[in-house]
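Asks: Below is the structure I would like to discuss, written out as structure tokens.
The values are calculated or read from the model by the stated rules, or taken from the named source; none is laboratory data. Owing to the predicted nature of the structure, the values given are computational and were not obtained by experimental measurement. Neighbour counts run over all protein chains shown; Cβ positions are idealised from the backbone, glycine included. The area values use the complete protein model at the heavy-atom level, side chains included, leaving out ligands, DNA and RNA. Shrake-Rupley method; radii C 1.70, N 1.55, O 1.52, S 1.80 Å.
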Amino acid sequence: MARKRITGLYHSRLATALVLCDSVIAVASVVLACKLRFFPNEPWDIAAMFANEDVRPYLSFAIIAPAFRVAAGYFAGIYRLERKAYWLAEALPRLVGAVTLTSAVYILVAFFGVLEFGQISQYRTFTYSRMFFIYEWMIGLCFVIGIHTFARIVRAELGRQGIAVRRVAVQGVSSYVKTIAREAERLKETGYQFVGLISADPPASTSGDRLNEVSYVGAPRDIFSVINTHNLNEIIVTAPNDLQQPFLDFCDACHKLDVVVKLVPDLYGLLFQGQPVSEFSGVPVVQVNSVSIGGLSRW
């Protein structure tokens with residue numbers, strides 16, 4: 001259980017670090033946009049920027065920037081940090097959406113009133129520069145994508161070093177294990193460590209077959225002993241009928257142990273229609289249960 005808590009702690013710390021970085025980026029984007037728009041060829045002088053009456057309404061956006069950027073990021077799902085190899089294709093639209101939504105809020109505030117250090121006037125007294133909003137959006141987008149990409153690179157390196165990984169075993173059919181065994185090294189970069197196969201018999205391998213590299217960790221009748229011995233975080237079930245108890249009872253027992261159960265969809269998987277299908281090393285899986293509350297929900 002200590003390994004499970006440490007794994008969740010690393011995940012929570014990474015998400016918290018991203019929230020703090022996004023808050024800083026939101027403020028920095030406003031300040032840099034003002035610098036590029038109004039003082040492009042002058043040396044840095046923050047005091048002079050805040051003292052400039054024409055620039056102060058723009059800098060006032062820095063007050064609301066962190067809250068709106070983090071809120072937009074939360075609703076866009078950029079802090080969920082899915083453990084996927086090809087995460088950028090899915091995360092990039094979310095990152096763009098979060099930054100764009102924040103910039104859109106700035107434009108609405110600018111259109112309906114001038115924000116002046118906590119006070120919104122009834123009607124705008126001047127027209128905002130469109131280039132300011134363009135600069136702010138471009139700067140924010142570049143920094144957010146850069147920081148989130150760097151965070152994924154750090155997590156991938158931690159996975160390769162065996163730090164903060166989720167330990168996974170497969171129960172049932174060895175044919176699925178062949179696919180997972182081929183991707184064992186790549187799985188480490190996504191934060192997973194493949195422990196081995198749980199089946200009635202050890203996997204039979206042939207010359208050149210990756211199954212000869214797969215560890216046999218136990219039989220289904222000893223599955224809870226295997227969970228405790230190998231500190232498993234997740235189990236992928238491919239043959240629920242081979243379990244020594246009803247599948248739903250097994251899921252309930254795993255839930256109490258903070259072990260995630262994922263099912264390879266087949267006819268049995270029809271019971272879980274409507275559940276989102278994810279991918280684990282090329283194998284489609286359905287997460288059946290969820291573990292104890294954590295992260296932002298715990299707070």
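Asks: Tell me whether region 230-237 contains one or more residues that are modelled with pLDDT of 85 or more and among the polar types (S, T, N, Q).
Replies: Yes; the residues of region 230-237 include at least one that is modelled with pLDDT of 85 or more and among the polar types (S, T, N, Q).
Asks: Just name the residue that is modelled with the highest pLDDT out of those in region 77-136 that are open to solvent by 60 Å² or more (accessible area, probe 1.4 Å), part of a helix (DSSP H, G or I) and among the aromatic types (Phe, Trp, Tyr).
Replies: Residue satisfying both the conditions and the ranking: TYR135.
Asks: Considering only region 9-54, how many residues are assigned to a helix (DSSP H, G or I) and modelled with pLDDT of 80 or more? Before you say what the answer is, go through the steps one by one.
Replies: Going through region 9-54, the residues assigned to a helix (DSSP H, G or I) turn out to be 9-38, 46-51.
Filter once more, so that each one left must be modelled with pLDDT of 80 or more: 15-38.
Result for region 9-54: 24.
Asks: Also, I was wondering about something else. Please indicate, with yes or no, whether at least one residue in region 261-276 is of a type in the set (A, V, I, L, M), open to solvent by 30 Å² or more (accessible area, probe 1.4 Å), at pLDDT below 85 and in a loop (DSSP other than H, G, I, E, B). Write out each step before concluding.
Replies: Residues of region 261-276 of a type in the set (A, V, I, L, M): 261, 263-264, 267, 270-271.
Keeping just the survivors that are open to solvent by 30 Å² or more (accessible area, probe 1.4 Å) gives 267, 270-271.
This time we only want the ones that are at pLDDT below 85, so: 267, 270-271.
Then drop every residue that is not in a loop (DSSP other than H, G, I, E, B), which leaves 267.
So far as region 261-276 goes, yes, one or more of its residues are of a type in the set (A, V, I, L, M), open to solvent by 30 Å² or more (accessible area, probe 1.4 Å), at pLDDT below 85 and in a loop (DSSP other than H, G, I, E, B).
Asks: Could you check how many residues of region 236-246 are closer than 15 Å to ASP222 by Cα and in contact with a helix residue (DSSP H, G or I) (Cβ under 7 Å, 6 or more places away or on another chain)?
Replies: Counting residues in region 236-246 that are closer than 15 Å to ASP222 by Cα and in contact with a helix residue (DSSP H, G or I) (Cβ under 7 Å, 6 or more places away or on another chain) gives 4.
Asks: Now for a separate question. Which pairs have Cβ atoms under 7 Å, sit 6 or more apart or on different chains, and link a residue in region 17-36 that is touching a residue at least 24 places away in the same chain (Cβ under 8 Å) to one that is not in a helix (DSSP H, G or I)?
Replies: Listed by first residue and then by second, the contacts come to LEU18/TYR79; VAL19/TYR79; CYS34/VAL55.
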